Structure formats: structure tokens, C-alpha cells
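First up is the structure itself, then whatever we jot down about it.
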């Protein structure tokens, strides 16, 4: 009994002290809390710029997985204001887990094309990235490429790619299912698997490194890594990797365009600082922030007409494949099953 | 602190020892709570998942896991036991250095060793460059050096996990009376016969403990396995959760895996129950190391050198080199100072908590049958992958928070998203090392000592203070240091549960590695290894003192 009383007193004391600190902070500076699965180094420049402009302090926690589970378990007490992630599939999952809230914002709606945001405002895409081909720079005859060709037996033992289960590849396979159906996609996936030079593992940049190392000749990876490597931001070694490759923006065989994915954000259902959360999202689609997405991260801005970085511009004009994001998201389960079925990662 | 704890518990229990049991039961309950939560999650429907898993996922995952465990156990048992016997039974140049150097790989997390070896063995890395220059080979000729394979994964896990076996085997060899070995020698047994027919069977419990710790680490590893493209059960659990967004499915596989692991442990135990391994309490004459000369001494040196070189020196040098390049390219991030402090404080606090709780559980296990069951229950967390355990912890913590709120003790989140959450997660995961290690130490103290002390009028707490704590100290410190290193290296639970704006060295490294290259995180990786060395060196000094 005594122990409980003293524990309560102690907790009260620390709470009061904590509350005092919080109050002082609130008086001095506003804040916004981000839970993210994005790579912390990539969003930091944007967050720094936001703090500089708005005076709002940003606190982040970068998770690998389990974002929805953590926010859901924290419930009403969750300090999360903004949930940031890559891959619209993940964004859809957040909505389905019930941890987001709809946001109405003129600024967001005018900046982001309608197909790149949730109709109810539960999530918004903030940047785009393309799934492109890295190829040995000496493959002179190779000037265009379709994703279907990855299964062409002429690339036997020459293809490198990360795990088939990675969201980036799941989205690509889901798009293929949307176009050709599950059966044809399975045959295609089987073909790609048979062409693999090494197990489907590691990261996207390993494709460039493995091409330099002579393990493979072509591979699929994200567009922005080209910028990170070629600019020298990844260090001198990665510059060497990037020199070994050329980049082709593939299309699907129907000629529709290149497969793109998004990074995006949602406002958390129980956001304690909802106004600041919306402010942050609105800032992220401002010309300044979209410029940072392009110049610091080498992503494609989501805002129509915003400039891309010269390194990315040099890859050629991006024609985005028109498959509906919702349809791609709906195919993810089938895609994951196919990956298991053909033993893509085995 | 220790005596305070002992006194408090003793007072509340008077003679019955029920206080101990209640405390141990509370600890076991808290520690097993995330597994209970997983069980609850597992009872939800996972739809049509299982037919798919059985047709396409499990056959391969089970084979890969079994082969991985087989390979890793071959490496850890042979390297761990062999090197431990060499440095205990023989004397050769550098032996005293090897005694502690053989422990160094403990400081290197599996996810770092995998990255390091992929670099070292890559076609554009140093090893292949030299081989190609020497023999004019192409990368395709050197495909056997591909780390992204089951063999590669077995190698990297084995080479950093063998110290678990080394540590326990060596302690056992040091304890063993020399008389058995002398008798065997006198009866004309050669050195190999002595080792295989006398030493090895007698050290079996120690080897079993060390091997099961190493195998638990291997089976639950996600960093190295996923990175090297090996589809183990743990990787499948993870994929089920993430790709099929089926947490119930993931929980079901995790629980099934836990059942199999527990069954294996029970099997090994029952296979041993008919044998008795009671150590002589009296300080029996220790084994006198045989001096090796000439070529045999060289062989011994080489045998000890290989694991140290492969498990520590090569990857550490590589990290040092990368960190140096990184420093000259990007400079030293001042955040690293804070992150190092966070890491040390967090691991230190967690170790203290886990050891104190482990003491309570281990002492209770010494006193009653129920206590032994509680100890087993409290050890379960070690057999569950870190990510899954952390997910299982989310809801119990939220429920505890709500309870505290209702009692009016706190408002809002208290445990969730706090440092306490991390400590809780570490406790749930590493209680096996703490309680198990201390229990093993206690088991070496004959019960007659307790009876004598009680007859001489000591209270239960007094007995613990006067008899148990001094005698169990080495085992306790060993457990503490192992727990500390494990907490320092822990990544998946730390990533998921840590507070806002709170980074440790491991999460920093993850942040960098997530971008596709871990070279950027080389400085953090090196810091993990360097600070991980401190407890390892302490551990080495301790085990030398014991010897």
C-alpha cells in the first residue's frame, strides 16, 4: 500500500515536471511527430527545410515494419501526427488498419493529381520513383527494353534483382497481373527466375555493383539510386558502380509506359498536432519541397510541371504507365503468392 | 541492491518462500506476455494461408532452416569445443592471448558480419581481386565465393556464434577434475581418445547450452539471412506478415516454430537426464596443460588463429577501413556521440533489470519444482524472432498503459513508445540467458551448503548473501556481460519500439543501411563493435580469473 502510494507520488512528480517541460515547449515552439518507414537520410533535408520555414519542430521515429501495428496499439494516446511511407500499397494498408484520418486541403488537392491521392484524403503521394533497367554500359545494341523481356532466355544467368517479395517488386508484378492476368504473369516470373544470376536478395544498388563485378548484365532497380550514385553523394565507390551501367526506362509490351511507385503520407487518426501535420503535408508539395525531393533525393516530383534533377532528366522523358494504383494494390496478394509459387527467392 | 532485494523478498515471504515464488511468477508472466499476445493473434483467421504455405513455402523454408541449423551447429561445436579444449589442455605460444581473443566475434552482430563478408568476397572486393590477379580468373569462375547462398549464411553465422560454445565449454573444462583425464591417459588413451571419449561426453551439458544459445540466435536471425537471400522459417514468418499482411498467419508460424524449438530442447534434456554431471564441490586438482612444441605448437596456434581472424579481425579491419573512408568523405556526425551514450545507457539499464529479475527466477528455481517451471516459461522469449516478439509486446504494453491510466497513476502513454518499452522487450527476449546462466551457476553449489547455513541460523536472505551470491558471482557476471552485448546488438525490437527522436548505434546503422549501402553506416558499425568489445574483454578477464 505504502509502495503504491509512493510510486504514485513519484510518478506524479515526474509527470508534473514533464508537463511543465511540455507546456514550456508548447509555448516556445510547436511540434509535429512523424512515424515513418522511409529512409531517415532521405527525408531529413525536407524536414530541416520545413522547420526552418515554419518554426515547427519535427520529431521522427524511423521504423522498418510494423508502422500500422504500432500506431494501432497506441490508440488514442499515440503521439503520431504524420505517417510517412513508400509504396502506395503500404498507404492503402494504413487506411485499412484504420490509423489515418481524412484531410481536406485546397493546397494538397491542387498540387497532387487525383490519381495520386486517396479520394477521401486519407493519403497523399508526395514523390514518384520509376522501376528502371540498369544495364551493362557496353551492351550497345540495347537501347529500349520491356519488362516482359526480363524473362527472355537470351538473358539466362545475366539478370540481377532484389527479393521478389520487396514492395517495389511486388508492385511491378502486380502491375503485370493487371495487364496480363495471373497465369501469364506466373510464366513470366518463372522465366525471370530462370534468368537470375544470383539469389534475389540485397538492395537495388547491388544491381549496379554486381554489373560492375561481372556477376550480371542487366537488372531492375529504382530510378533515384542512379542519381544518388552518379552525383557522388553515395561516395566515390558508388560513383564507380554507376559508371558501369547505363539506364533505360522500360515500358510494358503494350507500350503503355514505365512502372512507377510513390512515397506518400497520411495524417494519423489521433494526431495531437493535426494542424501542424496538415501544414507539413502542404509544405511537402510546395515548390520548394518538391524541388528538394528532386535535387536531394533524385525522385520525380508529384506536382505537375515541377523540375526534375538534371541527372534524372538525362535518363529520358518518363512516360508513366497508366494502370490504376488501386488495381495494383488489389493484386498484391496474388503477386506475393506467385513469388512463393515459382520460388522466386529460392 | 542485491541485499535489498533479498531482504525485501525474505521479509515478505517469512519461511515459506512464497514471496519468491510470487515474484518469480510475476516476472515469468510479464516476460511471457508477448508470447501470450502472439497466441491470441494466432487464433484469428489467416484465411487460405496454410494450404499455400504448405504447398509452396514451408517445404523449402523447413529444409533451409534445418540445413542452416545443421551447418551452424557443426561450425560452432567444432570451433567452440575444439578451441576451448586447446587453450585449456595445452600450452603453446600466444595461448593466453587466444583465451580472450577467441571471444571477440561476440562483439559483431550478424547483420554486420553479413554486410562485411558480402563486401570482402564480392567480385570487386579484395579477396576476389587478388585471386583473379593471381590466377587470371573471371567472376564466373569464382562463383563458389558467393556469400548470397546458404553456405555463405552458415559461414557468417557460425563464425560469430561459436564463442557461445567456447565460453561454456571452456568453463566446463576448467571445472573438470584432472583425475579423469589423468586416468584415461594412464590407461593408455591418446590425446584424441581422451578428448572424444572422456572430455567431450563430460562436457556435453555445457556444449548443449552453448550450442542451443547459438542456434536460437541463428534460427531467429533475420538480418543476415534475409540479406543473403536465405529463405529460413523466420524470413517466411516475416514475409507472411509483411507481404501477405497477415499478422495472424505470421503469429501462427512463429508459435509453431516455438513449439518445435521447445520440443527439441526438451528432447535433448531428457536424453541427458539419466546421466549425472554433478561437479565436485571441493576444489579438485585442475588439469595441468601439456606443453606443445615444434610443429604441434604451430598447428595449435593456427587452429586458434583461424576463428579469430575470420570472425573478428577480417571484418573489423574492413569496417575500420570503410569507417576511415567515410570519415574523410563525410566527416564525423556529432549525433554518433549521443547515440553511443544512448546505446550504452540503454543496454546497461536493461542488463541490470534483466539480471536482477533473472536472480529472482533462478533462486526460485533452486528452491522449488514450480520455480523450475517458471524458469522455463521465462526463457521462452529467446526462441521467438525479435521482430515477432516486439509485435507481440505492442498490445500488452498498451493494455498495461490503460490499466495505469485507470488507476490514475499516469495519463496517456507511459510504457508504449518509451525507453521502458525497449527494456521490457530486451527482458522478454534475453531472460533465458540471465536466468539460465545464473541457474547453471547455482546448480554447482551443493544443497548441503544451504542446509548447513540454515541450521546455523541464517535466514533465507542471509544464506543467499553469505553462500550463494559469492559462489554464483562468476556465472552471474558472465550472464550479465552476455546480456549486455546482446542488448547492444539488438535491432528489430529496438527499431519497432523506440521512442520518437531516439536513436541507438544499431538503429543509426539501420538508417544508413536502409538506403542500400551500409558503408555509410560503417562508423556506427565500428562503434558497435568497439563498445561491444568492452564487455567481451571483461568477460575474458573474468573467465581467466576463474581459471
- Tell me, which residue of the range A:185-215 that is more than 24 Å from residue A:230 (Cβ to Cβ) and without any contact (Cβ under 8 Å) to a residue 40 or more places away in the chain is farthest from the other protein chains (Cβ to nearest Cβ)? A:187
- Message: Going by what's in this entry, would residue B:300 be described as assigned to a helix (DSSP H, G or I), more than 14 Å from chain A (Cβ to nearest Cβ), under 29 Å from the mean Cα position of the chain (by Cα) and closer than 27 Å to residue B:163 by Cβ?
- Response: yes
- Task: State whether the residues of the range B:111-123 include one that is at pLDDT below 90, within 22 Å of the chain's Cα centre (by Cα), farther than 25 Å from residue B:221 by Cβ and not in a helix (DSSP H, G or I).
- Result: no
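Answer yes or no as to whether residue A:338 is in a helix (DSSP H, G or I), modelled with pLDDT of 95 or more and within 14 Å of chain B (Cβ to nearest Cβ). Step through it out loud before you land on a result.
Details: in a helix (DSSP H, G or I): yes; modelled with pLDDT of 95 or more: yes; within 14 Å of chain B (Cβ to nearest Cβ): yes.
Spelling it out, residue A:338 is indeed in a helix (DSSP H, G or I), modelled with pLDDT of 95 or more and within 14 Å of chain B (Cβ to nearest Cβ).
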- Residue among B:511, B:417, B:457, B:441 that is surrounded by fewer than 24 Cβ atoms within 10 Å (Cβ to Cβ), over 25 Å from residue B:167 (Cα atoms) and either in contact (Cβ under 8 Å) with a residue 12 or more places away in the chain or more than 14 Å from every other protein chain (Cβ to nearest Cβ) (or both): B:457
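Being buried (at least 16 other Cβ atoms within 10 Å of the Cβ) and more than 30 Å from residue B:194 (Cα to Cα) is the requirement here; does residue B:115 meet it?
Values: buried (at least 16 other Cβ atoms within 10 Å of the Cβ): yes; more than 30 Å from residue B:194 (Cα to Cα): yes.
The answer is yes for residue B:115.
Test of understanding: among B:356, B:422, which residue is part of a helix (DSSP H, G or I), within 14 Å of chain A (Cβ to nearest Cβ) and either in contact (Cβ under 8 Å) with a residue 60 or more places away in the chain or farther than 28 Å from residue B:221 by Cα (or both)? Break it down into steps so the answer makes sense when it comes.
Numbers: B:356 fails: within 14 Å of chain A (Cβ to nearest Cβ).
On inspection, the qualifying residue turns out to be B:422.
Look at residue A:268 and say whether it is buried (at least 23 other Cβ atoms within 10 Å of the Cβ) and over 24 Å from residue A:306 (Cα atoms).
When the stated conditions are applied, residue A:268 passes them.
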- Item | Residues located in the range A:213-229, provided they are out of contact with any strand residue (DSSP E or B) (no Cβ under 7 Å at 6 or more places or on another chain) and surrounded by fewer than 22 Cβ atoms within 10 Å (Cβ to Cβ) | A:213, A:214
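Scan the range A:157-172 and tell me whether some residue there is more than 13 Å from every other protein chain (Cβ to nearest Cβ), touching a strand residue (DSSP E or B) at 6+ places or on another chain (Cβ under 9 Å) and more than 12 Å from residue A:134 (Cα to Cα). Please lay out each step first, then the result.
Of all residues in the range A:157-172, those more than 13 Å from every other protein chain (Cβ to nearest Cβ) come to A:159, A:172.
Subset that is touching a strand residue (DSSP E or B) at 6+ places or on another chain (Cβ under 9 Å): A:159, A:172.
Next, only the ones that are more than 12 Å from residue A:134 (Cα to Cα) stay: A:172.
Yes, the range A:157-172 has at least one match.
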- Only one of A:279, A:303 that is modelled with pLDDT under 95, assigned by TED's automatic domain parsing to the domain that holds residue A:113 and not in a strand (DSSP E or B): A:303
- Return the total of residues in the range A:231-252 being more than 20 Å from the chain's Cα centre (by Cα), closer than 18 Å to residue A:317 by Cα and not in a strand (DSSP E or B). 1
- Message: Cβ contacts < 7 Å: first residue closer than 14 Å to residue A:291 by Cβ, restricted to the range A:306-329; second residue part of a loop (DSSP other than H, G, I, E, B), any location; separation 6+ or different chain. Result?
- Response: A:309/A:298; A:312/A:298
- Message: List the residue pairs whose Cβ atoms are under 8 Å apart, where the first residue sits in the range B:518-531 and is more than 14 Å from chain A (Cβ to nearest Cβ) and farther than 16 Å from residue B:317 by Cβ, the second is surrounded by fewer than 24 Cβ atoms within 10 Å (Cβ to Cβ) and modelled with pLDDT of 85 or more, and the two are 6 or more positions apart or on different chains.
- Response: B:531/B:340; B:531/B:344
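Scan the range B:55-76 and give yes if some residue there is assigned to a loop (DSSP other than H, G, I, E, B) and either touching a residue at least 12 places away in the same chain (Cβ under 8 Å) or within 30 Å of residue B:287 (Cβ to Cβ) (or both), otherwise no. Quick ask: steps written out before the conclusion?
First, the residues of the range B:55-76 that are assigned to a loop (DSSP other than H, G, I, E, B): none.
So far as the range B:55-76 goes, no, none of its residues is assigned to a loop (DSSP other than H, G, I, E, B) and either touching a residue at least 12 places away in the same chain (Cβ under 8 Å) or within 30 Å of residue B:287 (Cβ to Cβ) (or both).
A quick yes/no check of all residues on (1) closer than 21 Å to residue A:90 by Cα; (2) at pLDDT 95 or above:
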{"residue": "A:219", "(1), (2)": "no, yes"}
{"residue": "A:233", "(1), (2)": "no, no"}
{"residue": "A:240", "(1), (2)": "no, no"}
{"residue": "A:249", "(1), (2)": "no, yes"}
{"residue": "A:266", "(1), (2)": "yes, yes"}
{"residue": "A:272", "(1), (2)": "no, yes"}
{"residue": "A:275", "(1), (2)": "no, yes"}
{"residue": "A:283", "(1), (2)": "no, yes"}
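In the set A:119, A:125, A:135, which member is under 22 Å from the mean Cα position of the chain (by Cα) and in contact (Cβ under 8 Å) with a residue 12 or more places away in the chain?
Details: A:119 fails: in contact (Cβ under 8 Å) with a residue 12 or more places away in the chain; A:135 fails: under 22 Å from the mean Cα position of the chain (by Cα).
Criteria check complete, one pass: A:125.
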- Message: Out of everything in the range B:148-181 that is in a helix (DSSP H, G or I) and within 14 Å of chain A (Cβ to nearest Cβ), what residue ends up being farthest from residue B:303 (Cα to Cα)?
- Response: B:150
- Query: Which numbered condition trips up residue A:149, out of (1) in a strand (DSSP E or B); (2) farther than 19 Å from residue A:281 by Cβ?
  - Reply: (1)
- Looking only at residues in the range A:41-59 that are touching a helix residue (DSSP H, G or I) at 6+ places or on another chain (Cβ under 7 Å) and facing chain B (nearest Cβ under 8 Å), which one is surrounded by the most Cβ atoms within 10 Å (Cβ to Cβ)? A:42
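The values are calculated or read from the model by the stated rules, or taken from the named source; none is laboratory data. The structure displayed is predicted, hence computed values, not measured ones. Every residue, glycine as well, gets a Cβ built from its backbone with ideal geometry; the counts of neighbours run over all protein chains shown.
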